[in-house]
Every structure is written in structure tokens, then in C-alpha cells.
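The values are calculated or read from the model by the stated rules, or taken from the named source; none is laboratory data. Here the structure is a predicted model, which is why all the values come from computation and not from measurement. Cβ sites come from the backbone with ideal geometry, for glycine too, and all protein chains shown count toward neighbours.
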Amino acid sequence: MSLMALPNDPDLLAAALIGYQERRKDIEARMSELRARIGGQPASAPLAEAGTTKHAVSPAARRRMAAAQKKRWAAVRKAEAEVAAAPPKAKKRHLSPEGLARIIAATKRRWAALRKAKAAKASPRSAAHAVKPAAARKRPARKAAAQTTKPAIVAKKAARRPSSGKSGAAKRSKAVKVQEPQVAGPAPGTVAATS
């Protein structure tokens, strides 16, 4: 019968406990009779439970165990002695103020040499790319002519497009003034006379 099936009534549970104890006594009595028949033990002798019996160790086995333990401890002591006999670690070295000053001076010299080399390398390029005065910066005649002709090109392109009513392109083409290209430089007749 399962314990879950029992009700929670204390009187009923106490009666069930008494019944189980009686069954247990009956089962133990039968077990002791069987043990007496098997091993010739008296029926009243209780059975020693597993794990409670002591295992007897012979004196020879105890000597072997002691020798093995001494051997293990000797190995441990030997390892500790080797660690203790090792040379101690060298003290950490500290930098003197004079040594630090020498290192700083050497670092400054290296950086100065690097900056000097970099400046020498950059100087030829800097002369070529220096900013020229405004008088020296003249645009060639072609570039000036090309910039002045842009509105004329826009007007020509707008004229080529077919206009359908009042499109945005037609409005833009009317708004743009057509300008003649202006060529900077001497007149064609004067060039021939000078050459």
C-alpha cells in the first residue's frame, strides 16, 4: 500500500505504523531462521550490516604501507629542498637619475635627426609647390575662353531640344543670354606683324 494513499488522520497513521513494525519483526524472525540453517549461526544472533565489520590488516601489510608512506614523504621533502636550494631571484634593477638623463638626451637627438631628415626631404618639393603671387597665376587663354563660352553652349543645347509646350528646358533656354566667345590675347593681325 502506498503512503500517498493513506489519509492524514493521525490515529490511522499510528495504527499503520504499528502494523508495519509487526510485519518487520515477523520478516526478521524468518530471516534469522534461514541464516541459522545456512551457516549454523544461532537464530538469535543479529546479522552484522555491511560496512560495519573491520578488515584486519596483517602486520606485514602494515609494514609495507608504512614503508610506502615514508617513501612518499621523502619525495615530498626532496622536492621542497630542491626549491629551497634554487638560487634566489635577482633583485629588480632600478634606473639611476644619470642613466635616465642619458636615455632622454639620446632620444631627443634621435628625434631631432629624424625631423631634420624629414625637413630636408620635404624642402625640394615645397619650393616647387610654393604659393605663387597673384600676378604669376595667369590662366591660359583657352581656359578663360572655355569659361566664357559656357552660357552659349547651354543655349545651343537648349535650342536643339524639341520644345513641347512650356517645358522647363524651354523656360531655361529663354532665360539664358547668348554671349559671343571672348578670346583673350592679341588680335590676329598683330601676331603676324610681331613675328
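Sort out which residues of the range 86-109 are part of a loop (DSSP other than H, G, I, E, B) and among the basic types (K, R), and write them in order of number.
K89, K91, K92, R93
Among the residues that make up the range 122-143, is at least one of them on the phi < 0 side of the Ramachandran plot, surrounded by 10 or more Cβ atoms within 10 Å (Cβ to Cβ) and at pLDDT 90 or above?
No, that holds for no residue.
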